[in-house]
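Here's the structure, in C-alpha cells; my notes come after.
Just so it is clear, none of the values below were taken in a lab; they were calculated from the coordinates. Worth saying up front: this structure is predicted, and the values here are computed from it rather than measured.
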Amino acid sequence: MTYQPELSVLKDGNAVASTAARVIAAHIEDSPAAVLGLATGRTPLAVYADLRGRVARGELSFDGVRCFSLDEYQGLPPGHPASYHSYMCRELFDHVDIRQDDWHLPDGTADDLAAAGAGYEAAIRHAGGVDLQLLGIGENGHIGFNEPGAPFESRTREVALAASTIRANASEFPPGDTPPTHALTMGIGTILEARRILLLATGSRKAKAVAAMMTGPIDPAVPASALRLHPAVTILCDAEAASCLSGDECG
Ligand code: F6R
C-alpha cells in the first residue's frame with residue numbers, strides 16, 4: 001500500500017519553522033506525555049528556537065514529554081561541540097523543562113554499537129513508540145543517516161556516512177578536527193513505525209531530493225521515498241525546496 005504525503009509549500013524557511021513548531025506544540029498540548037523523534041542539522045534550528053520561546057513565555061511545557069534523537073556520530077564524546085548530544089542540549093534540552101531521564105540519543109561511543117542500537121530500539125518500544133517524528137532530508141535523499149541503499153526495514157545501527165554527507169556537515173566541526181565517517185542512526189524501519197511523521201525541507205539544494213521523494217520510484221536508492229509507505233506523513237517545504245516538483249526539467 002502506498003500513500004501520497006500531505007505537502008505544504010510555504011513562503012520561506014521561517015514559515016516552515018513556525019508551522020512545524022505549531023504542529024509540535026499542539027501535539028504536546030494534546031498529549032503531554034508525547035514521545036517525539038527529533039532531527040538535528042540546520043533545518044530544524046529555527047523550530048527549536050520557536051519551541052524554546054514558547055517554553056520561556058510559559059506557553060508550553062516539556063515536563064513529561066519523551067524525546068528520542070534520530071542519530072549520533074560514532075566515536076564523538078557527548079561533550080564534543082559537534083556531537084548531536086551537544087546540539088540537542090544547546091538548541092533545546094538545556095532551555096526547556098524536560099526531565100533529564102526523558103531525552104535520549106543513540107550512544108555513538110559504545111564499545112558494542114550493535115548492542116547500543118538494539119538497546120535504543122528497546123527504549124523506544126518501552127516508551128510506547130514514537131508519536132511524532134521530525135525529519136530533515138539530505139541532498140542525496142537520506143533520512144536520519146540512512147544513506148542511499150539502506151534497507152527500508154533497517155533498525156537502529158551503525159552506518160557509514162556518504163562522502164557528500166561528511167562534506168555537507170564538515171563545517172560543524174572545529175578547524176583541524178576530522179569529521180567522523182560513521183554514525184549510529186535509527187533505521188528506516190524504525191522511522192516508519194512512528195505514528196506521524198513531519199519532514200522539513202528548505203532551500204534549493206534540497207529540491208531534487210524532494211522531487212525524488214515525492215514523485216520518483218519508491219526505492220532504497222532514495223531513502224526518503226520510503227515515507228510513501230506511511231499513511232501519516234506531512235512535508236513542509238519552502239518554495240525553493242519545492243521547485244523541482246512542477247514536472248519541469250530541473251537542473
Ligand atoms: C539529522 C539527520 C539528517 C538531516 C539531513 C539534513 O539528525 O538525521 O538526516 O536531517 O542531513 O540536514 P540539514 O538540515 O543540515 O540540511
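For the range 105-168, the alpha-carbon coordinates run over 34, 30, 19 Å along the three principal axes, in decreasing order.
The H on the amide N of G136, modeled in the peptide plane, is under 5 Å from the matching H of G144, L200, each at least 5 residues off or on a different chain. Under a Gaussian network description of the chain, with springs only between Cα atoms under 10 Å, the residue in G75, G144, G176 that fluctuates furthest is G176. The orientation-averaged projection of the convex hull spanning the C-alpha atoms of the chain amounts to 13.0 square nanometres.
Averaging the Cα positions of each part gives two centres, and for the range 165-221 and the range 28-81 these lie 18 Å apart. Rounded to whole numbers, the Karplus 3J(HN,Hα) couplings from phi for the range 158-166 are 7, 9, 8, 7, 5, 4, 5, 6, 4 Hz, using 6.51 cos²θ - 1.76 cosθ + 1.60 with θ = phi - 60°, and x at Gly and Pro. Summarised as an ellipsoid, the range 116-251 has semi-axes of 24, 21, 13 Å, derived from the eigenvalues of the Cα gyration tensor scaled by 5 and square-rooted, with the largest first.
Select from the chain the helices, each a whole stretch of DSSP H, whose alpha-carbon atoms run 20 Å or more along the helix axis and whose Kyte-Doolittle mean is at least -1.0; answer none if there are none. Helix filter hits for the chain: 13-30. Relative to the 2.2 N^0.38 Å rule of thumb, the range 1-148 has a C-alpha radius of gyration ratio of 1.05.
When the alpha carbon gyration tensor of the range 211-251 is reduced to an equivalent ellipsoid, its three semi-axes come out at 19, 14, 7 angstrom, largest first.
Taking amide H positions as modeled 1.01 Å from N, with prolines and chain starts lacking one, the residues under 5 Å from L7 and 5 or more places away or on another chain are I235. Calculate the tail of P(r) for the range 62-161: the fraction of all Cα-Cα distances greater than 15 Å, expressed in %. For the range 62-161, the share of Cα pairs beyond 15 Å comes to 66 percent.
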